[in-house]
Amino acid sequence: MDYHVIIVGGSYAGLSAGLQLARARRRVLVIDAAERRNRFAETSHGFLGQDGRSPADIADEAREQLLAYPTVEWLADTAIDAGQDAEGFWLSTRGGQRHRAQRLILATGVVDELPEVEGLAARWGKSVFHCPYCHGYELAGGPIGVLATSELSMHQALMLPDWGPTTLFINDAFAPDAEQLASLERRGVRVEREPVRRIAGDKAEVILADGRAIAVEGLFVVPRTRMASPLAGLLGCEFEEGPLGVFIKTDATRETSVPGVFACGDAAAAFSSVAIAVGDGAKTGAGTHRSLIFGLAPV
């Protein structure tokens, strides 16, 4: 057997899981495709001890610390196939390598699917965001927009007035009922029904179909998400339907429905952040280690 554990995904959750296993002196391989979900953002916030740092710097430092342990190896590649046989798990990569392990950890993440509004994707992570706790404070109390994608956008619209005067751009995504409109009014949220044509400007100037332009310091949107990797499906893992998309179903130890396969981070959570992903990874690494000692739970 090549490794005790292969971790697919070397972002915050995968790195944190790896650290627990490395400190237990287990042989670990991390396979990473270098596509962190927050690679578009310049700074990361809300993670104790790392607030305001570059997401890349946080990940790079964590990787350096992990690779200081002699039982850990790193492979810059994309895992494309995986399976199980009588001897354990196997995994193959786009680069043509094939490795085996007693356990797998899927920290494969998700992909955000943004609305098809001109100029939106180019500003993702810069002046277009999804998490108020991650980016709201830096808007310094300036005007904020919420671009509706569904009724879920009500949640953002009702939260964001704590960070600045807020406008909800309905954009034909849903029709607020009387109760919802009353809730928005109580929170001081302005409702704009004119469809959005495009996003322009250095920050996020919302250009409406009637030609009006409404400048905001930041624009928030609730994207749909999809799995960034097919591995969970190929292995037969069960999924749960979340408000934004499916995620991998796990138990309290973060083991999936497939014994010996664990999952953590954004791929295994309805909602997440850097801080949550790190904690989730630590829990997953410990759960995986315990399974190596005490065996797999009965199905």
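Every number here is computed from the coordinates shown, using simple stated rules; none is lab data. Worth saying up front: this structure is predicted, and the values here are computed from it rather than measured. Neighbour counts are summed over all protein chains in view; Cβ atoms, including those assigned to glycine, are modelled from backbone coordinates with ideal geometry.
Unpaired Cys in the chain, meaning no second Cys C-beta under 4.7 Å: 237, 264. Working from the Cα coordinates of the stretch 1-131, the gyration tensor eigenvalues give, after taking √(5λ), semi-axes of 30, 19, 10 Å in decreasing order. Mind checking the stretch 148-204 for trypsin sites (Lys or Arg not before Pro) that DSSP puts in a loop (not H, G, I, E or B) and that have at most 15 other Cβ atoms within 10 Å? The qualifying sites are 187, 193. Counting every alpha-carbon pair across the stretch 115-221, the share separated by more than 24 Å comes to 13%. A straight Cα-to-Cα reach below 23 Å connects residue 126 with the lysines 203, residues fewer than 8 places away in its own chain not being considered. Straight-distance candidates among the lysines for linking to residue 283, with alpha-carbon spacing under 24 Å and chain neighbours fewer than 8 residues away dropped: 249. Average projection, convex hull of the Cα set of the stretch 150-299: 11.9 square nanometres.
Write out the chymotrypsin sites (Phe, Trp or Tyr not before Pro) in the stretch 159-256 meeting two conditions: DSSP loop, and at most 16 other Cβ atoms within 10 Å of their Cβ. Answer by residue number: 174. Against the compact-protein benchmark of 2.2 N^0.38 Å, the Cα-based radius of gyration of the stretch 236-293 scales to 1.08.
When each of 105, 276, 58, 7 is scored by the number of other beta-carbon atoms lying within 10 Å, the sequence from fewest to most is 276, 58, 105, 7.
Neighbour counts of C-beta atoms inside 10 Å place 271, 40, 262, 129 in the sequence 271, 40, 129, 262, starting with the fewest. Evaluate the Debye formula for the chain with equal point scatterers sitting on the alpha carbons, no solvent, and hand back log10 of I(q)/I(0) at q = 0.15 Å⁻¹, in q order, two decimals. The calculated log intensity ratios at q = 0.15 Å⁻¹ are -1.07.
When you filter the trypsin sites (Lys or Arg not before Pro) in the stretch 204-299 for DSSP loop state and at most 11 other Cβ atoms inside 10 Å of their Cβ, you are left with 212.
Think of the chain as having a plus end and a minus end, set by charges on the Cβ of Lys, Arg, Asp and Glu; of 12, 69, 265, 69 sits farthest toward the positive end of this dipole. Here the contact order of the chain, divided by its residue count and restricted to Cα pairs under 8 Å and six or more residues apart, works out to 22 percent.
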